[in-house]
1. Could you say which residue among ALA78, ALA53, ALA109 is over 24 Å from the mean Cα position of the chain (by Cα), of a type outside the set (Ser, Thr, Tyr), crowded, with 16+ Cβ neighbours inside 10 Å and assigned by TED's automatic domain parsing to the domain that holds LYS12?
2. Take the residues in the range 200-211 that are under 18 Å from the mean Cα position of the chain (by Cα) and assigned to a helix (DSSP H, G or I), then tell me which one is surrounded by the most Cβ atoms within 10 Å (Cβ to Cβ).
3. Where residues in the range 218-233 are in a loop (DSSP other than H, G, I, E, B) and more than 12 Å from TRP321 (Cβ to Cβ), which of them is modelled with the highest pLDDT?
4. Which condition does THR307 not pass, out of (1) in contact (Cβ under 8 Å) with a residue 12 or more places away in the chain; (2) in a helix (DSSP H, G or I), if it passes all the others?
5. Output the residue which, of all residues in the range 240-282 that are within 14 Å of PHE333 (Cα to Cα) and among the aliphatic types (A, V, I, L, M), is surrounded by the fewest Cβ atoms within 10 Å (Cβ to Cβ).
6. Can you name the residue in the range 321-372 that is of a type in the set (Ser, Thr, Tyr) and assigned to a helix (DSSP H, G or I) and is also surrounded by the most Cβ atoms within 10 Å (Cβ to Cβ) among such residues?
7. Of all the residues that make up the range 171-183, how many are surrounded by fewer than 24 Cβ atoms within 10 Å (Cβ to Cβ) and of a type in the set (Gly, Ala, Ser)?
Amino acid sequence: MKKLSLKSLDLKGKKVLMRVDFNVPLDKSGHVTDDTRILSSLPSIRYVLEQGASLILMSHLGRPEGKKDSTLSLKPCAERLSKLLGRKVIMASDCIGKDVTDLTKKLKAGDVVLLENLRFHPGEEDPENHPEFVKALSELGNCYVNDAFSSAHRNHASTAAICKWFDGVSAEGFLLSKEVCVLKDLLQNPSRPFHCIIGGAKISTKIGAIKALLGKIDKLYIGGAMAYTFLKALGKNVGNSVVEEKHLSLALELLKDAEKRKITVVLPSDLVVVKDILDPSQSKICKVETGVPEGWEGVDIGPETITLFSKNIAEAKTILWNGPLGVYEVPEFALGTCSIAKAIAKNREATSVVGGGDSIASIHASGVQDQITHLSTGGGAMLEFLEFGTLPGVEALTDVF
């Protein structure tokens, strides 16, 4: 079902309540170190202001678990947004309450307010048991816009439950709309061959998406820690590598399903292994067929696998990538992930879609962001959309018939 668009709203003189995702990394001094998500919502923010409306932004940051935490204040985001917009962004003391209500009532056209971290209240993550929180948020604006794709898979107060208070005026922002359109096209009309690269730590968090994708892709690459579960399921010795023991049979089922569908599954043929992840200097290369020695663990794909993956990626016409291929946060073990980022970028004939924090970070670290067709702002949201074809935050918006 098509959803109401931001451009369909009559905004002049209105107070627009917009959900954004400013869940960005901060350094020890509280400064924003990566403003990608803030930049991504600028088109929607600027459009609302250009239409003569005032804007009330809301977001979460981190996991404060329903309690106020000064280290997770959105104030640094307000300061960064103010610089990007070239106008003052008012930082609210909270996201609900009399002070916030009084503040929003005084807003004039062109004014921008950023509410304090939504997750300082338990009602954000548990709207069913805190309906008063949802209602209080809804009373701040005349219409609602969701531009937080990366949070749209959460059935939270500000992403889904709030829409019932904005009957007929719950719209998707430009970022959310773009993300949904890209992923729908990927699922419905991909150029072939369609290759999918899945990495990260756990098969359990990506099993649904993998199952759904098996009916659509031509080749599947598996890397990261989840590869060791597949390798062990095939009888390979993986030493002390991270393995989800209870999902070994599931890994085998997936491989058998792929074989039935004549989908090629590309697993690592060699690995970078270490005895102690805190001592990267003692790493070595290990062949998968030989097995990982006891006491050692895999931390990255090896040079042979990088070559294998890169050669295959060059043949793709559509590429989807989610999840790092090694312990990316340790520079010595980031080579595999960054090499695949460059391999994807090098294939200029392919449509490439990349999602997931570490995958996106590797794209930027490799300096190839301009050579990727679409960088998704949401890793988990992207996977859930690929699995179900929609998200709670999208479904809750106003339908357009």
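1. Sole residue among the options that is over 24 Å from the mean Cα position of the chain (by Cα), of a type outside the set (Ser, Thr, Tyr), crowded, with 16+ Cβ neighbours inside 10 Å and assigned by TED's automatic domain parsing to the domain that holds LYS12: ALA53.
2. Step one: filter the range 200-211 for residues under 18 Å from the mean Cα position of the chain (by Cα), giving 200-210.
Those left that are additionally assigned to a helix (DSSP H, G or I): 207-210.
Numbers: ILE207: 18, GLY208: 14, ALA209: 21, ILE210: 23.
The residue in question is ILE210.
3. The initial filter retains those residues of the range 218-233 that are in a loop (DSSP other than H, G, I, E, B), namely 218, 223-225.
So of that shortlist, the ones also more than 12 Å from TRP321 (Cβ to Cβ) come out as 218, 225.
Numbers: ASP218: 96, ALA225: 93.
Out of the qualifying residues, it is ASP218.
4. (1)
5. LEU278
6. Within the range 321-372, the first condition is being of a type in the set (Ser, Thr, Tyr), and the residues that meet it are 328, 337, 339, 351-352, 359, 362, 366.
From the residues that got through so far, the ones that are assigned to a helix (DSSP H, G or I) too are 337, 339, 359, 362.
On the way: THR337: 28, SER339: 21, SER359: 26, SER362: 25.
Out of the qualifying residues, it is THR337.
7. Of the residues in the range 171-183, 1 are surrounded by fewer than 24 Cβ atoms within 10 Å (Cβ to Cβ) and of a type in the set (Gly, Ala, Ser).
So that you can scan it fast, the table gives a plain yes or no per residue for (1) touching a Phe, Trp or Tyr at 6+ places or on another chain (Cβ under 8 Å); (2) of a type in the set (Gly, Ala, Ser); (3) free of Cβ contacts under 8 Å to residues at least 12 places away in the same chain:
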site	(1), (2), (3)
ILE222	yes, no, no
MET226	no, no, no
LEU234	no, no, no
VAL242	yes, no, no
HIS247	no, no, no
PRO293	no, no, no
GLY302	no, yes, no
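The values are calculated or read from the model by the stated rules, or taken from the named source; none is laboratory data. Computed from a predicted structure; not experimentally measured. Because the Cβ atoms are built from the backbone with ideal geometry, glycine has one as well, and the counts that use them run over all protein chains shown.
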